[in-house]
Structure formats: structure tokens, C-alpha cells
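Worksheet: one structure, shown below.
The values are calculated or read from the model by the stated rules, or taken from the named source; none is laboratory data. Being a predicted model, the structure only gives us computed values, none of them experimental. Note that each Cβ is placed from the backbone with ideal geometry, even for glycine, and that neighbours are counted across all protein chains shown.
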């Protein structure tokens, strides 16, 4: 059985060679690329099974993470700090494995192996936090109102705010206000990300 081909990308301008060296020493892993966010073109050309994104703190709006999620490869996120709601948001966006950053990179290596083998991985230390978050939230899906969901569907169809306002018999400012609530609930920054997330996660069928 061949080694798992791993591409490592790091947020910020400095790549961490020590972290990559530890991964390379782990059995069953082959590092095919080590790059910072400025070299994403190389990532798209590389032949890899898993992409590891290393961040100091989980930020779902980080452009690097958004770009990597769109590469149609299993993504493992390694971060020093990540809250339960951030883990939930990242998982909904397409991240399949998680590891807490630490000395030696052992947790990251395990996350890579398990994500490649079974499709996902969440270490027990983070799993409890996520369960507690879901229990507090009361639902696995974002609680969009009927109006918010209607507006989101129209955004996915490419409608402008003025067109949506005319159909709903309200003002464009009202549409903007509802969209801000949608962005907050989906943990996205703009209408393009909202539409992509809604289609990818099945909130909206097109």
C-alpha cells in the first residue's frame, strides 16, 4: 500500500519546516508539497490525497482556507486554538479532519491517517466540546428564518438585492439586513460564499 500523499500549506508568510519534518518522519506519509498561501497555484497542480492547512488560530474566513476547501481534496485543519463553534463552521464548509497543533506533530499525523482512511477525524479532546456546542445550539442546521431562506435561494439563483426586494415587496435595505443575518449564521463573509456554502451543504437545492 502506497504512502498517503500530503500537501501542507501554512497561513502567514513563513513556512514551518520543523512541523513538516515531523510529518515526514511519521510512517505512511509522503510530503509532496510544503507551501505558504502565496503558492496555491502549486497546490492545485500537485498530486495529493490530503491537504493540511496549518493556522495559528482557526478562522473560517481566512482566504487560504477558503481556497483549499475548493480544491476537492480531503482537508485536515491543524490549529493552535479552535473553539467549538469554529470547528462546527469549518466542518460545514468542508474540513474533514482536525488536530490541535503541538510539539512533534503527532496529533496532525494521526488526523491525516484517520481522515484518509475513514473520511473524517475529530480528536476526543475536541469532540466533547463540539457535542456540547450542538446541544446548546439545539440544531445541526443553521436556524434560518423563512424569509432568510427565501432570500438565500434567490441569491443562489443570481438575483440582485433590488430584484429580491421587488419580489418580496420590501426595500433593498431590508434585504441587506436579512443577508447580514444569513452571513452571520452561515459563518461566511459575502453572497458568493453564502451561495457556495448553501449549495454545497444542501441548504438550497438547485
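Table for the structure above
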quantity	calculated
Cβ pairs under 8 Å, 6+ apart, first in segment 70-93 and in the same structural domain as residue 197 (by TED's automatic domain parsing), second surrounded by fewer than 19 Cβ atoms within 10 Å (Cβ to Cβ)	none
Within segment 148-175, tally of residues that are surrounded by 14 or more Cβ atoms within 10 Å (Cβ to Cβ) and either outside any helix (DSSP H, G or I) or within 26 Å of the chain's Cα centre (by Cα) (or both)	11
Selection within segment 16-26 - over 17 Å from residue 100 (Cβ atoms) and at pLDDT below 85	17
Filtered residues of segment 59-68 (kept if touching a helix residue (DSSP H, G or I) at 6+ places or on another chain (Cβ under 6 Å) and surrounded by 22 or more Cβ atoms within 10 Å (Cβ to Cβ))	60
Selection count where residues are in a loop (DSSP other than H, G, I, E, B) and buried (at least 19 other Cβ atoms within 10 Å of the Cβ), scope segment 74-97	2
Filter result (without any contact (Cβ under 8 Å) to a residue 60 or more places away in the chain, surrounded by 13 or more Cβ atoms within 10 Å (Cβ to Cβ) and outside any helix (DSSP H, G or I)) within segment 22-53	30, 31, 32, 33, 34, 35, 36, 46, 48, 51, 53
